[in-house]
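**Q** Can you keep this structure in mind? I'll have questions shortly.
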Amino acid sequence: MKQTKRIYLSPPYQNGTEQELLNRVLQNNWLSTVGPELKLFEDSIKSIIGQEVLAVNSGTSALHLILSQIGVNPGDEILVSDLTFVASINPIRYMGAEPVLIDSERLTWNINPDILEDVILRRIETGKKPKAVIVVHLYGMPAQIEKIHSICEKYQITLIEDAAEALGSTYYKKALGTFGEYGFLSFNGNKTITTSGGGAVICSKKELDHFLKLATQSKDEALHYEHSELGYNHRLSNVLAALGLAQISDLDHRVKRKREIFENYQNHLGDYMDFLEEPDGYFSSRWLSCGLFRVPVQINALIRKLDQECNIECRPIWKPMHLQPLYKEATFFGSGVSKDLFNNGICLPSGVGLTLPDQEYVIDSFKRIIERL
Ligand SMILES: Cc1ncc(COP(=O)(O)O)c(C=O)c1O
């Protein structure tokens, strides 16, 4: 029977402390892009990931700021994971630069380090050294970050980690986003914690002040408004920082729940799909539970039936960037792994607030429909 309550893929989850912290902001009147909650929120993130952060209004803005900070110029090439959300790539174009898309590997679904090194070498040989590498930790699963870090060090190329989906994930106990020179997080509505919209730049202490300047229209030291470089209006609102402060207070619980949800799917749907295992030392937040069908399945029909007959939201895996109309002209290196993941994978409801009966309903509905397809 169709449930009236909709089960979303990854809806916001409130722990009950949000209202109080929002009220506090309304009382203290810091309804601004400055205020005490920003510092408190940043300090909380810092204590979790072990590195400096600047809270900004989205993950996309965070990447835009990072690309500005490293001086990306029109025509520069940036190597980036092909299997990702478009926001990992768009800021490259904002800067007039060119994304070079690198296929996934099967171990983590993230950027293939061997292809990456090969492409770097070929680019260097032709006299066009890439300006940076952006590695995405998709669905919370760490990329082969140590290997990728060594490659970037070897060829002296800036490494940027897109940890938008990976707050709470670690690689040998070190937080994702802290391996490269720069990293960033997202706090949009579907992420593990949310500020409704928001993100953070992860950077070194010495660059923090400049990131703040860039994010707030690059005002020079002066009584009047003086500007000598191009800045942006990318800072997070203090009101939203209060929301973030409430949300981050139970991050461990959120990650624990996401991992339990993943395990439950693995136990009950393991006959239909493979679920990505964590290699030794890899710890995934399991931001979204995703599976890969072993035999071809009409995934779009399955998703539509779950939606229309059961009021359940599921999604395909991210569509690779080289298959997107927007990036079809971009250079792509690979052998079809990202395409295969897209064609055969599915993302299942993974919200922190998903109850056990809700998850049982999802599992039963899934089995019932798949048997009919
Ligand atoms: C992999 C990835 N990168 C970047 C972003 C961009 O983050 P935001 O939506 O906060 O701009 C997101 C989330 O939307 C994402 O999933």
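**Q** Report the residue count in region 272-289 for those that are buried (at least 24 other Cβ atoms within 10 Å of the Cβ), in a loop (DSSP other than H, G, I, E, B) and of a type outside the set (A, V, I, L, M, F, W, C).
**A** 3
**Q** When you check I157 against the structure, is it of a type outside the set (S, T, Y), in contact with a Pro (Cβ under 7 Å, 6 or more places away or on another chain) and either in the same structural domain as V352 (by TED's automatic domain parsing) or more than 18 Å from Y282 (Cβ to Cβ) (or both), yes or no?
**A** Details: of a type outside the set (S, T, Y): yes; in contact with a Pro (Cβ under 7 Å, 6 or more places away or on another chain): yes; either in the same structural domain as V352 (by TED's automatic domain parsing) or more than 18 Å from Y282 (Cβ to Cβ) (or both): yes.
Here the answer is yes, as I157 does meet what is asked.
**Q** Taking the residues in region 170-181 that are in a strand (DSSP E or B) and either among the hydroxyl-bearing types (S, T, Y) or in contact with a Phe, Trp or Tyr (Cβ under 6 Å, 6 or more places away or on another chain) (or both) as candidates, determine which candidate is farthest from Q144 (Cα to Cα).
**A** Of all residues in region 170-181, those in a strand (DSSP E or B) come to 170-171, 174-175.
Pick out the ones that are also either among the hydroxyl-bearing types (S, T, Y) or in contact with a Phe, Trp or Tyr (Cβ under 6 Å, 6 or more places away or on another chain) (or both) and you get 170-171.
Working: T170: 11, Y171: 9 Å.
Among residues in region 170-181 that are in a strand (DSSP E or B) and either among the hydroxyl-bearing types (S, T, Y) or in contact with a Phe, Trp or Tyr (Cβ under 6 Å, 6 or more places away or on another chain) (or both), the one farthest from Q144 (Cα to Cα) is T170.
**Q** Just name the residue that is nearest to L138 (Cα to Cα) out of those in region 88-117 that are within 15 Å of the ligand (Cβ to nearest atom) and aliphatic (A, V, I, L, M).
**A** So, considering only residues that are within 15 Å of the ligand (Cβ to nearest atom) and aliphatic (A, V, I, L, M), the one nearest to L138 (Cα to Cα) is I111.
**Q** Let me ask something additional. Test Y265 against the criterion of being within 23 Å of K174 (Cβ to Cβ) and among the hydroxyl-bearing types (S, T, Y), and give yes or no.
**A** no
**Q** Check whether at least one residue in region 32-43 is on the phi > 0 side of the Ramachandran plot, of a type in the set (A, V, I, L, M, F, W, C) and in contact (Cβ under 8 Å) with a residue 60 or more places away in the chain, and report yes or no.
**A** No.
**Q** Any residue in region 131-149 that's more than 30 Å from I261 (Cα to Cα): show its pairings with residues that are surrounded by fewer than 24 Cβ atoms within 10 Å (Cβ to Cβ) and hydroxyl-bearing (S, T, Y) at Cβ separation under 9 Å, as long as the two are six or more apart or on different chains.
**A** K131/T158; A132/T158; V133/T158
**Q** Of the residues F41, F85, which is within 16 Å of the ligand (Cβ to nearest atom), assigned by TED's automatic domain parsing to the domain that holds Y232 and farther than 25 Å from N110 by Cα?
**A** F41
**Q** What residue, among those in region 182-223 that are of a type in the set (D, E) and either outside any loop (DSSP other than H, G, I, E, B) or in contact with a Pro (Cβ under 7 Å, 6 or more places away or on another chain) (or both), is farthest from the ligand (Cβ to nearest atom)?
**A** Top of the filtered list is D209.
**Q** Next question. Does any residue of region 202-216 turn out to be of a type in the set (D, E) and free of Cβ contacts under 8 Å to residues at least 12 places away in the same chain?
**A** yes
The values are calculated or read from the model by the stated rules, or taken from the named source; none is laboratory data. Values in this document were obtained by computation on a predicted structure and should not be read as measured data. Here Cβ is always computed from backbone atoms with ideal geometry, including for glycine, and neighbour counts include all displayed protein chains.
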